[in-house]
Each structure stands twice: as structure tokens, then as C-alpha cells.
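Q: Quick one: the structure is below, questions incoming.
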Amino acid sequence: MTGESHEWVVVDEGRSIPWTSYAGPLRLSQADFAGACRTLLAIEPADVPDVALDHAEIGSADGPERRIILHSTTPTTRGFETDLAAMAEGRVPVDITTYTETRALYLARPGDLAVGRLRPWRLAPTAPGVERLALDDTDHYYMSHALLHRAVNRGERDPVLARLIAWLRERRATVLSVYDFEPELQLLVAWLARRAGVHRVRVDANDPRLVAWNRKGTLHPTVEAALAVDVDPTADPTRALDLERRASDAFRILGEPLAVLPGYTVTRHSGRDAFHQDFLRAGKLLSERYGLTQACLKPSEGGDGGRIVVGIDLADHARLAELASRAWTSGGDQVIEAHVTYLQRDVNGERIPVAPSTHLRDGSVLDGLTLQFMRGPSWKGNIYVDRPGWQALGLGRAAYDEIRAEMAALTGRLRHHGLVQAGIDFAVGTLGGRFEDTVVVAIQDINAKLTGAVLLREFMARHPIDTSAGAATRVFRPAASATPSAVQHHLSTKPAGGTRRELIATVPGRWGMLAVTGATPLEAGALALTAEQDLIAEGLAADGWPTR
């Protein structure tokens with residue numbers, strides 16, 4: 001393990017892969033989780049969501065109440081698999097679990113209790129008056145797994161769990177702030193509530209029964225369902241797309257079609273041969289029904305752009321077969337979706353795609369949109385854009401209003417089902433084929449959990465006057481020797497034209513984020529890139545994302 005006293009090697013498909021995360025690679029198996037359910041609460045895994053809701057009140061953290069900040073990345077986004085794939089290919093992992101824990105400290109306020117365990121979290125700065133509660137377990141990849149492991153084996157004798165129980169008992173209005181209310185945390189919260197004698201713990205997260213919306217496959221029909229749709233290949237392609245949208249799980253849940261791109265869900269439930277066959281059928285459907293020549297492959301459950309493949313030639317059947325085999329090995333359902341040629345805008349010499357996101361926080365749709373910095377398919381920061389800023393970028397007002405309306409309609413329907421926070425990613429671009437050069441606006445991903453853009457929103461809330469005109473965040477790769485204090489000192493001593501520059505978080509050698517203000521959205525984005533270049537020039541950040 002990087003910088004720690006011991007090392008791990010992961011054996012996967014016969015390969016021995018040196019493990020290079022700040023966290024270890026141990027995870028709880030399904031059998032481990034089932035055992036924890038029986039040991040802690042005498043229930044079965046299928047009972048966990050209902051039992052959790054008996055002990056958890058779904059709410060927001062927008063009041064003065066003290067909070068427990070406990071951000072563990074979740075197995076549903078398959079961060080372990082994403083980091084392991086990078087290590088297997090000889091690339092430096094972004095270390096998803098470490099940066100999820102570390103950046104959460106930026107959200108902590110005086111009086112809060114912050115739980116963490118990894119070295120970058122221990123070294124990261126936070127607001128005065130925040131109490132840190134360090135968990136002595138760096139072996140497990142997911143902090144939620146580490147906590148459950150301790151609950152099963154040590155119970156209330158464990159000092160961290162004992163402190164959490166005492167905190168909840170003494171401060172019954174406490175809000176638990178989590179990255180995602182995953183099954184492991186649902187079980188833990190119910191156990192903590194019982195041990196603390198608290199009727200319900202208020203959790204700033206979505207109702208756990210909304211988990212389907214964290215799967216990209218929810219948005220698209222399965223190949224089997226799509227084949228059952230009677231589509232006239234000579235008709236308007238938007239008619240075919242509307243029929244396919246109505247064959248998706250999203251339509252079944254909502255009763256209304258969502259504005260999504262052409263695409264299909266390839267499931268694993270029928271075995272490897274059927275998976276390979278459906279994979280090829282999905283490519284064929286995109287070609288035959290829409291005249292498309294390129295596709296994009298995405299894991300249904302994933303995060304940080306991990307394991308996404310873009311620009312796939314649908315005529316290259318050998319390539320499709322290779323990708324099918326690789327996708328089966330990596331696990332999980334897959335989505336084969338139309339490849340988008342995004343509209344683009346130049347920001348200080350970097351071309352950024354018009355792939356805006358909208359956000360729900362504390363049950364309310366937040367103002368404006370954010371454009372996303374991207375490196376390949378991976379998110380690398382956000383630029384806040386309001387309607388005037390959008391139009392100043394030469395983008396049509398109609399697209400802005402369409403995105404906002406789609407967000408309001410979707411979240412309005414789901415808010416009654418316990419949706420408190422979410423980020424929805426859109427695509428604005430062309431598809432080609434029978435759509436020709438028509439610019440489409442479509443939903444690409446629904447993240448029914450806390451997203452990285454909340455850090456930009458937090459920065460804006462802290463500095464409302466400075467950020468009223470423009471603000472941006474930028475993800476960068478800090479040098480292995482770069483301490484948080486050195487990075488923040490450099491950012492604060494070289495502001496441009498009175499703008500504010502601030503460090504959000506840093507994981508040395510892996511991941512960092514900075515925030516800046518600007519007179520306009522475009523200037524804020526440009527200054528964020530300049531700040532990154534300044535760090536590179538000082539040796540505090542790496543130029544790009546190199547392989548090991």
C-alpha cells in the first residue's frame with residue numbers, strides 16, 4: 001500500500017496485480033453481508049431497506065443541526081473495479097475511495113463529527129471546530145465495509161462505534177451526511193440507532209428504494225425488450241426512439257418517457273453466451289434502426305467515467321466481440337449507447353464538451369447548470385453557468401430551458417418517492433446516421449446520490465459575493481510530495497485580478513480539486529485551468545495523468 005507499512009497483491013483472472021491504493025483491497029462478500037445482517041439485527045439481506053427505513057428519517061442537512069460526515073464510496077458504483085482496472089493496465093488509479101473520504105472534509109462545518117481513516121484524510125485541513133473520528137482500518141476498500149466488519153467483530157467495544165453511539169444518544173437531532181445510503185450503511189444505521197436508543201436517525205440521502213436510478217441500464221430497454229418493439233426502419237427515427245424509451249424500466253417506473261439517447265441494456269442474467277449475443281445485437285439495432293456508425297460502451301453501475309469506451313465502430317464486429325468478452329469479465333450489466341459528437345466550447349485552449357449537469361440538493365432544484373471539464377469520459381470539474389452565461393457561450397436558450405424543464409419534471413415525480421439529492425448529466429450534440437446533423441438534448445446519466453458538483457456548490461455558498469458572476473472547480477493530479485498546506489499556500493498567494501482560489505481537497509499522487517472565481521463563467525473556467533498550470537509549474541502537480 002502506498003506510503004503504508006504493508007503491501008497487497010490482488011490476484012484476478014490469474015494475474016497478480018500490485019495494489020497501489022491508500023486503502024487496502026479487502027471487501028465484504030455477499031455471504032459476509034448476510035452474516036452481518038443476521039449477527040447485528042437478526043434479519044436477512046432482503047429485509048435491510050425496510051428495516052433501515054424504520055430507523056432512518058430521509059431528510060436534508062440544510063439546518064443548524066450538527067452532522068456526522070461519513071462518506072464512503074459505494075460498491076454500486078464499482079470503484080474497486082475501476083481502480084483495479086487502472087492498476088492492471090499500469091495506470092495510476094484515481095483512488096476513488098480515498099478521494100471520496102478526503103473531499104468530504106470540505107463539507108464539514110464547526111460542530112460536526114467527521115469520520116475517516118486514510119492518510120490523506122488525516123492530513124487534510126478542515127474548518128475549526130470539526131471533530132475528527134479516525135477509524136483504524138485501512139485494509140478494507142470501502143469504509144462502510146470496515147465499519148460493518150468492526151460492528152460484527154467488536155460491537156460497542158470498538159472505540160469508533162462507541163463514539164458514534166454516544167454522539168447519537170447525546171445529540172438526537174444529528175444529521176448523518178453520507179455519499180450514498182447503500183445497503184451496508186443502511187444496516188449500520190439501523191444497528192447504531194438501536195444501540196443508541198434513538199427512534200430514528202436523520203440521514204441526508206435518498207430513500208434507498210431509489211437505487212435503480214443509479215444504474216444507467218434503468219434508462220434503456222434491454223435488448224430483448226427492444227427486439228419486441230415493432231419499429232419501422234423507414235419511419236422517422238424519433239418515432240422509433242420514443243417507442244424504445246417506453247420499453248425501459250424508467251418508463252415502467254414513471255409512466256412517462258425520458259429524453260434519453262438511443263441505447264440498450266445488455267444484462268448478465270442469462271449467462272455468458274447470451275450476454276455476448278445480446279452485445280452484438282445491440283450494436284446491430286443501433287445500425288439498423290438509426291443508421292448509426294459509432295457507439296459508446298458504459299457499465300450500468302459505475303463512476304468517474306471508469307471502464308467507459310467511446311467511439312466504437314459498429315461495423316468492426318471483431319472489436320465488438322473483444323469488448324463483449326472484456327465487459328463480461330469486469331462484471332455487471334452494460335449499456336451500449338449512441339456515440340454523441342458533443343457541441344464544444346474553447347476554455348483557455350481546452351475544448352470542453354457541452355455535457356451539462358443539473359442538481360437537486362435538499363430536495364430543491366439548484367439554480368443554473370454546470371458544464372463539465374472532461375478528460376476522455378472522466379469528469380474533471382465543473383463550471384457554473386446561468387442562463388445569461390449559457391447564451392454568452394453562444395448556446396441556444398431553448399436548450400438551456402429544455403434541460404431545466406426536464407430536470408424539474410423528473411425530480412418532481414421522484415421527490416415524492418424520497419429523492420433528496422441528485423445530479424443529472426445531459427448531452428447536447430449530434431448523433432449522425434438518420435438523425436443527421438440535428439442537435440439533440442438528452443439525459444445520459446442519473447446519479448441519485450451526492451455528486452462531485454456539490455463541492456462547487458459548497459464553494460459558491462461559502463463565497464456568494466465572489467461567486468455571483470462565475471465559479472469553477474478543476475480536478476488535478478497533485479505531486480506525490482505535495483502537501484495540502486503547500487498547495488493551498490501557492491493558490492492563495494497568486495490570485496489573478498482579485499479572484500479567489502481555494503483548495504477543496506488533495507490526495508497526493510492521485511487526485512486533487514481546486515476552486516476559483518471569475519467575472520464570467522468562461523473566465524472562471526479559464527482561471528481554473530491557469531491555477532492548475534501554476535501548480536504544475538511549481539512542481540506541486542503533475543502534467544496530465546501518466547502511467548506508472
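Q: Quick check on my filter: what residues within segment 125-140 are closer than 13 Å to residue 160 by Cβ and hydrophobic (A, V, I, L, M, F, W, C)?
A: Those that are closer than 13 Å to residue 160 by Cβ and hydrophobic (A, V, I, L, M, F, W, C): 133, 134, 135.
Q: Let me spell it out: the conditions are (1) part of a loop (DSSP other than H, G, I, E, B); (2) hydroxyl-bearing (Ser, Thr, Tyr); (3) at pLDDT 95 or above, and residue 39 meets all of them except one. Which number is the exception?
A: For residue 39, the exception is condition (1).
Q: Moving to a separate point now. Mind listing just one residue for me: the one in segment 373-405 that is at pLDDT below 90, within 24 Å of the chain's Cα centre (by Cα) and outside any strand (DSSP E or B) and, of those, nearest to residue 208 (Cα to Cα)?
A: Among those that are at pLDDT below 90, within 24 Å of the chain's Cα centre (by Cα) and outside any strand (DSSP E or B), it is 377.
Q: Sticking with this structure for a sec: In this structure, is residue 150 open to solvent by 40 Å² or more (accessible area, probe 1.4 Å), modelled with pLDDT of 95 or more and either in contact with a Gly (Cβ under 9 Å, 6 or more places away or on another chain) or in a helix (DSSP H, G or I) (or both)? Reasoning before the result, please.
A: Values: open to solvent by 40 Å² or more (accessible area, probe 1.4 Å): no; modelled with pLDDT of 95 or more: yes; either in contact with a Gly (Cβ under 9 Å, 6 or more places away or on another chain) or in a helix (DSSP H, G or I) (or both): yes.
When the stated conditions are applied, residue 150 does not pass them.
Q: Taking the residues in segment 333-368 that are in contact with a helix residue (DSSP H, G or I) (Cβ under 8 Å, 6 or more places away or on another chain) and small (Gly, Ala, Ser) as candidates, determine which candidate is modelled with the lowest pLDDT.
A: Among those residues, the one meeting the criterion is 363.
Q: Condition first: out of contact with any helix residue (DSSP H, G or I) (no Cβ under 8 Å at 6 or more places or on another chain), without any contact (Cβ under 8 Å) to a residue 12 or more places away in the chain and open to solvent by less than 50 Å² (accessible area, probe 1.4 Å). Can you find one or more residues in segment 421-429 that meet it? Spell out the reasoning first.
A: Within segment 421-429, the subset out of contact with any helix residue (DSSP H, G or I) (no Cβ under 8 Å at 6 or more places or on another chain) is 425, 427, 429.
Narrowing further to those that are without any contact (Cβ under 8 Å) to a residue 12 or more places away in the chain: none.
No: segment 421-429 contains no residue that is out of contact with any helix residue (DSSP H, G or I) (no Cβ under 8 Å at 6 or more places or on another chain), without any contact (Cβ under 8 Å) to a residue 12 or more places away in the chain and open to solvent by less than 50 Å² (accessible area, probe 1.4 Å).
Q: Name the residues in segment 79-95 that are hydrophobic (A, V, I, L, M, F, W, C), open to solvent by 10 Å² or more (accessible area, probe 1.4 Å), within 15 Å of residue 375 (Cβ to Cβ) and out of contact with any strand residue (DSSP E or B) (no Cβ under 8 Å at 6 or more places or on another chain), would you?
A: Those that are hydrophobic (A, V, I, L, M, F, W, C), open to solvent by 10 Å² or more (accessible area, probe 1.4 Å), within 15 Å of residue 375 (Cβ to Cβ) and out of contact with any strand residue (DSSP E or B) (no Cβ under 8 Å at 6 or more places or on another chain): none in segment 79-95.
Q: Moving to a separate point now. Restricted to segment 323-360, and to residues that are among the hydroxyl-bearing types (Ser, Thr, Tyr) and not in a helix (DSSP H, G or I), which residue is farthest from residue 389 (Cα to Cα)?
A: Filtering segment 323-360 for residues among the hydroxyl-bearing types (Ser, Thr, Tyr) gives 325, 329-330, 341-342, 357-358.
Among the residues that remain, those that are also not in a helix (DSSP H, G or I) are: 341-342, 357-358.
Working: 341: 22, 342: 19, 357: 15, 358: 15 Å.
Step by step, filter segment 323-360, then rank; the result is 341.
Q: Kindly list, by first and then second residue, each pair from a residue in segment 214-240 that is in a helix (DSSP H, G or I) to a residue that is open to solvent by 80 Å² or more (accessible area, probe 1.4 Å), limited to pairs with Cβ atoms under 7 Å and residues at least 6 apart or on different chains.
A: Listed by first residue and then by second, the contacts come to 223/281.
Q: Further question on the same structure: Only residues that are open to solvent by 10 Å² or more (accessible area, probe 1.4 Å), touching a residue at least 12 places away in the same chain (Cβ under 8 Å) and in a helix (DSSP H, G or I): list them for segment 433-466, please.
A: Within segment 433-466, 433, 434, 435, 454, 457, 458, 460 qualify.
Q: A further question on this structure: Being more than 20 Å from residue 529 (Cβ to Cβ) and either aromatic (Phe, Trp, Tyr) or without any contact (Cβ under 8 Å) to a residue 24 or more places away in the chain (or both) narrows it down to one of 397, 361, 351, so name that one.
A: On the way: 361 fails: either aromatic (Phe, Trp, Tyr) or without any contact (Cβ under 8 Å) to a residue 24 or more places away in the chain (or both); 351 fails: more than 20 Å from residue 529 (Cβ to Cβ).
After applying the criteria, what remains is 397.
Q: Pull out all pairs, ordered by first then second residue, where Cβ-Cβ is under 7 Å, the residues are six or more apart or on different chains, the first lies in segment 467-478 and is among the acidic types (Asp, Glu), and the second is open to solvent by less than 10 Å² (accessible area, probe 1.4 Å).
A: none
Q: Another question, if that's okay. Among the candidates 320, 280, 286, single out the residue that is over 23 Å from residue 355 (Cβ atoms), aliphatic (A, V, I, L, M), in a helix (DSSP H, G or I) and in contact with an Asp or Glu (Cβ under 9 Å, 6 or more places away or on another chain).
A: Step by step, each of 320, 280, 286 is checked, and only 320 is over 23 Å from residue 355 (Cβ atoms), aliphatic (A, V, I, L, M), in a helix (DSSP H, G or I) and in contact with an Asp or Glu (Cβ under 9 Å, 6 or more places away or on another chain).
Q: A further question follows. Among the residues that make up segment 248-264, is at least one of them closer than 27 Å to residue 372 by Cβ, of a type in the set (D, E, K, R) and touching a residue at least 40 places away in the same chain (Cβ under 8 Å)? Even if it seems obvious, please write down each step before you answer.
A: Of the residues in segment 248-264, the ones closer than 27 Å to residue 372 by Cβ are 248-251, 253-254, 256-264.
After this cut, where a residue has to be of a type in the set (D, E, K, R) as well, the list is 249, 256.
Keeping just the survivors that are touching a residue at least 40 places away in the same chain (Cβ under 8 Å) gives 256.
Yes, segment 248-264 has at least one match.
Q: Among the charged types (D, E, K, R), under 30 Å from residue 176 (Cβ atoms), open to solvent by 30 Å² or more (accessible area, probe 1.4 Å) and under 21 Å from the mean Cα position of the chain (by Cα): does that describe residue 367?
A: Working: among the charged types (D, E, K, R): yes; under 30 Å from residue 176 (Cβ atoms): yes; open to solvent by 30 Å² or more (accessible area, probe 1.4 Å): yes; under 21 Å from the mean Cα position of the chain (by Cα): yes.
Yes; evaluated as a whole, the condition is true for this residue.
Q: Right, here's the next one. Quick one: how many residues across segment 119-139 are within 18 Å of residue 68 (Cα to Cα), touching a helix residue (DSSP H, G or I) at 6+ places or on another chain (Cβ under 8 Å) and without any contact (Cβ under 8 Å) to a residue 24 or more places away in the chain?
A: Here is the first cut: in segment 119-139, the residues within 18 Å of residue 68 (Cα to Cα) are 121-122, 124-136.
With touching a helix residue (DSSP H, G or I) at 6+ places or on another chain (Cβ under 8 Å) added as a condition, the list becomes 121, 124-126, 130, 132-136.
Next cut, without any contact (Cβ under 8 Å) to a residue 24 or more places away in the chain only: 121, 126, 132.
Of the residues in that region, 3 qualify.
The values are calculated or read from the model by the stated rules, or taken from the named source; none is laboratory data. Treat the numbers as computed from the prediction; the structure is a model and nothing was measured. Glycine gets a Cβ as well: all are built from the backbone with ideal geometry, and neighbour counts include every protein chain shown. SASA here: full protein model, heavy atoms, side chains in, ligands and nucleic acids out. Shrake-Rupley method; radii C 1.70, N 1.55, O 1.52, S 1.80 Å.
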